[in-house]
Amino acid sequence: PENCVKYGSGRSSAEGICSRILVVANISSQLNKSQSYFLALGSNYGAQVDIAAPGGVKKSDGSMDIDKGVYSTVSKNQYALSAGTSMAAPMVAGVAALVWSVSIRFTGDQVADIVCSNTVGAINGDQYNGSYGLLNARAAVEEAVRLVNGEERIETGETVEADTDGGQ
């Protein structure tokens, strides 16, 4: 969120919205030969990117490889493979919704911070692409539960269970 590019008149209302906008990089959902994820061709990149998520990769001719795309709904109650930031961004939005479902009292800024601060690993680019944390739904939701329950920060590898009986 701190990397958000501010457009428009710069009024305070626009700045308040800007802090909740996450810029998403699309990474390959498949490991490359060096056993690491990579920034997909056509992805967002640079200092304005907040987080990376898998969005699939198209072949150089623009066609889809069945094991490197993301299935999505299309017209006439069908599914089709697609790829790009249009597939990666909904993954981030879904995790944000999971975080918000822990407590509707979280602000948009808090949700964005929880999602972006609880990533796994990093997608390392070059001097132009930067380095981005990889979306991690489990870590983000566990952090949200921890914050709601007022618990200490969770160490890597530990899990937290939500209080589902209202503390009874």
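The values are calculated or read from the model by the stated rules, or taken from the named source; none is laboratory data. Fair warning: this is a prediction, and the values are worked out from it, not measured in the lab. Here the Cβ positions follow ideal geometry from the backbone for every residue, glycine too, while neighbour counts run over all protein chains shown. Surface accessibility is based on the protein's heavy atoms, side chains included, excluding ligands, DNA and RNA. Shrake-Rupley method; radii C 1.70, N 1.55, O 1.52, S 1.80 Å.
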Amide H contacts of residue 38 (H built 1.01 Å from N, under 5 Å, at least 5 apart or other chain): 28
In sequence order, calculated HN-Hα J values of the range 81-98 (Karplus, 6.51, -1.76, 1.60; Hz; x Gly/Pro): 7, 8, 7, x, 5, 5, 9, 6, 4, x, 5, 5, 4, x, 5, 4, 5, 4
Probe 1.4 Å - accessible area at residue 22, Å² to nearest ten: 40
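Mind giving me the FRET efficiency for residue 134 and residue 78? R0 is 30 Å, r the Cβ-Cβ distance, nearest 0.05 is fine. Mind dumping the intermediate values first?
Working: r = 30 Å, r/R0 = 1.00.
With a Förster radius of 30 Å, E is 0.50.
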Theoretical FRET efficiency, 1/(1+(r/R0)^6), r = Cβ-Cβ of residue 103 and residue 20, R0 22 Å, to 0.05: 0.85
Amide H contacts of residue 123 (H built 1.01 Å from N, under 5 Å, at least 5 apart or other chain): 132, 133, 134
Amide N of the range 73-105 lying under 17 Å from the label point, which is placed 7 angstrom from the Cα of residue 59 along Cα→Cβ: 81-84
